[in-house]
Every structure is written in C-alpha cells, then in structure tokens.
Amino acid sequence: MNNLTLNLTSKYNPYFCSNSAEQNNYNVDEASKFWLREQPQKTTINQTPTTQQTITEKPFFNSFETDTATNAAGTAVFLRLAQRGIEWLSEMCASILMRGKEFASESDVKKVADAMKSEKGLKADIHYIDNTNKGFLKRMFPGLAKSIDTVANGGNAFYTHQGNFAVAPKSKPSLILHELGHATNFEKSKFFRGLQKLKVLGMYAPMAIAFLNDFSGKRKDGKQSFIEKYAGVIGFSAFLPTIVEEAAASIRGIKAARKTLPNVKLGALKRNYFLAWMTYVLAGVGIGLASKLAITEINIEKSNRNNKQNASIKTT
Ligand SMILES: [Zn+2]
C-alpha cells in the first residue's frame with residue numbers, strides 16, 4: 001500500500017518509531033538563525049585607530065576574506081545538495097518499504113508478538129490499529145494523536161515507554177516485532193535503554209557542535225579547527241547510538257520470528273527491516289551534513305559581518 005504521509009516524515013525523520021514525543025526532525029536553517037541571534041555583535045571597540053588602519057590597508061586582507069566567504073558559500077551549496085540527495089534516498093527506502101510484502105499472515109505475526117511479550121515478560125501493551133479502532137488510544141494519549149493517526153493510516157509504527165505500548169498498523173502488523181524489540185531493549189537491557197535515551201544527542205548535535213566550535217574560538221593560523229574539520233563525523237557519531245539501538249530492535253524481532261515460526265521464510269521481513277534501518281543511517285548522515293552546514297553558515301554570516309565592518313572602517 002502507498003501512503004502520502006510518508007512524504008511528511010522524510011527530512012531526517014526516519015521511518016520507524018518516530019512519535020511526536022520523540023521527533024528528531026532537525027532544521028538547520030532555524031538552528032543556525034537561532035544561534036546567530038544569540039551571538040553578540042562583534043565590535044572593534046578595543047581596536048585603536050592605528051590598528052584599524054593597518055588592517056584595512058593590508059592589500060590581501062579583503063581578498064582573503066572574500067575568498068574564504070566564496071569557498072564557504074560553495075561548501076554550503078554542496079552540503080544543501082547533499083542533504084537533498086539524502087532526503088531523496090530516504091524517501092526511496094520508505095516508499096519501497098511501504099510496498100514491501102508482509103512475511104507472514106496476520107495471525108502468525110500476532111503469534112510471534114505474543115510469544116515475544118510473554119517470553120521476555122514485557123509490560124508494554126500491543127496494539128494493531130486502523131481508522132476504525134484508533135479512537136481509544138487517541139483519547140488515552142492525546143499528545144500522541146498525530147502519530148497514532150499516521151500509524152492508523154499505515155505510515156508508521158512506534159513504541160513509547162511513557163505510554164508503555166507498542167503500536168503497528170493493522171495493514172502492516174509485522175512492524176510490531178521491531179517495536180517489541182525496542183520494548184525489550186528498554187525494559188530488559190540497561191545498555192540498550194541507555195542508547196535509546198541518547199537519541200536526544202542527534203537532535204541537538206548540529207547546534208551543539210556549532211556552539212562548541214564558536215566557543216573554542218578561531219585558530220590563529222587561519223586553518224580549520226578540529227571541530228570544523230570533523231563536524232560531519234562528530235554529528236554522525238552523535239546519532240550512532242540510535243542507529244545501533246534500531247538495529248538491535250530489528251534483530252530481536254527477526255530472532256523471535258525465526259524461533260516461533262521456524263518454517264516461515266524471513267526474507268521479506270529482513271528486507272523491510274533493512275530498508276527501515278537505512279532511513280536511520282541516512283538520518284545520521286543528514287545530521288552530519290547539518291552539523292557541517294551549521295558551522296559553515298555561521299562562518300559565512302561572520303565573514304559578511306567582518307566585511308561590512310571593514311567597509312565601514314574604510315569609509316570613516
Ligand atoms: Zn525503531
């Protein structure tokens with residue numbers, strides 16, 4: 001089945017498990033604007049008139065600034081294009097996933113889910129919903145109404161430890177096994193519960209990296225700082241705990257299916273889960289790009305300010 005709501009969940013928003021309480025949409029434009037607003041305007045109060053003159057009269061100074069700004073602008077364009085590419089790939093994964101077949105009948109999937117719950121002694125409730133039976137969950141958890149609607153339409157599935165339930169669409173019940181994998185991670189493993197909680201790192205990584213970079217100051221030799229150089233890798237690493245935890249949830253689901261339904265082929269389930277996992281890997285890459293972009297855009301803004309200040313110094 002096809003679902004239009006997927007388009008709304010593409011931008012750094014992986015397919016699985018994203019409920020409104022745990023959204024990890026990241027908007028680099030807003031974050032860098034926010035950060036720039038917080039920045040005090042750099043002034044030349046401490047500079048004596050003599051040093052100002054020296055700076056403006058240096059022949060290469062302005063052309064160096066312009067070159068740096070041009071390079072940064074080029075990098076920003078490249079990063080934005082790369083972001084579009086990542087979004088497109090993520091949408092492709094999600095749309096192939098949506099067309100993916102169920103690996104077993106609804107009753108077999110439910111058998112696996114019930115076995116997972118009882119074997120692991122999970123407290124989380126299991127729900128399969130569509131538009132006819134979603135009402136009670138929405139009334140119980142009004143804060144999750146939007147996410148519940150998306151699940152009812154077949155566009156997602158999620159587990160929430162606050163609500164203590166896992167929910168999948170009636171049309172794609174096999175997603176529940178991955179969500180019960182999350183429930184197992186949360187309820188039964190300190191390590192994976194820790195990783196689940198680190199999801200928040202990815203959300204704020206670009207802004208935090210940009211802040212740290214600014215805080216650590218500019219290198220005197222004009223070269224890139226460590227943070228500037230590795231912003232992409234650092235951003236991706238911040239999302240790595242989530243990528244690992246997502247893989248673990250899927251592996252738990254697949255293992256349970258193999259154990260409960262030894263004669264059923266799991267190819268379709270593995271394929272679907274791999275595609276869903278890829279949306280997380282791509283989201284990690286997206287966070288890496290957003291981190292690099294946040295730093296680049298702040299540098300462009302600063303460079304523009306410096307140029308304006310230099311121009312005004314020249315005219316005075
Ligand atoms: Zn998940």
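Quick notes on this one:
- Inter-label distance, Trp88 to Glu102: 3.4 nm, where each label sits 7 Å from its Cα along the C-beta direction.
- Gain in span if fully extended, Gln309 to Ser189, counting 0.36 nm per residue against the direct Cα distance: 37.6 nm
- Mean Cβ count within 10 Å, highest first, over the residues of peptides 192-198, 169-175: 169-175, 192-198
- Packing-based order for 259-270, 120-131, using average beta carbon neighbours within 10 Å, highest first: 120-131, 259-270
- Enclosing the Cα atoms of region 130-270 in their convex hull gives a volume equal to 150 cubic angstrom per residue.
- For peptides 297-307, 244-254, sequence by mean Cβ density within 10 Å, most packed first: 244-254, 297-307
- Rounded, prolate or oblate (a/c below 1.5 giving rounded, otherwise prolate when a/b exceeds b/c) for region 85-178 by Cα gyration tensor: oblate
- Modelled label positions at Arg139 and Phe78, each set 7 Å beyond Cα in the direction of Cβ, lie 5.7 nm from each other.
- In region 129-183, one over the average inverse separation of all distinct C-alpha pairs is 10.9 Å, which is the Kirkwood hydrodynamic radius.
- Relative counts (whole %) of C-alpha pair distances in region 226-297, using bins that are 10 Å wide: 20, 35, 22, 15, 7, 1
- When each of Lys134/Lys265; Lys117/Lys172; Lys101/Lys270; Lys101/Lys123; Lys134/Lys199; Lys111/Lys197 is checked by Cα-Cα distance, pairs over 21 Å: Lys134/Lys265; Lys101/Lys123; Lys134/Lys199; Lys111/Lys197
Every read-out reported here was derived from the displayed coordinates using simple, explicitly stated rules and does not represent laboratory data. Quick caveat, the model's predicted, so the values are computed rather than measured. Positions of Cβ are backbone-derived with ideal geometry, glycine not excepted, and every protein chain shown enters the neighbour counts.
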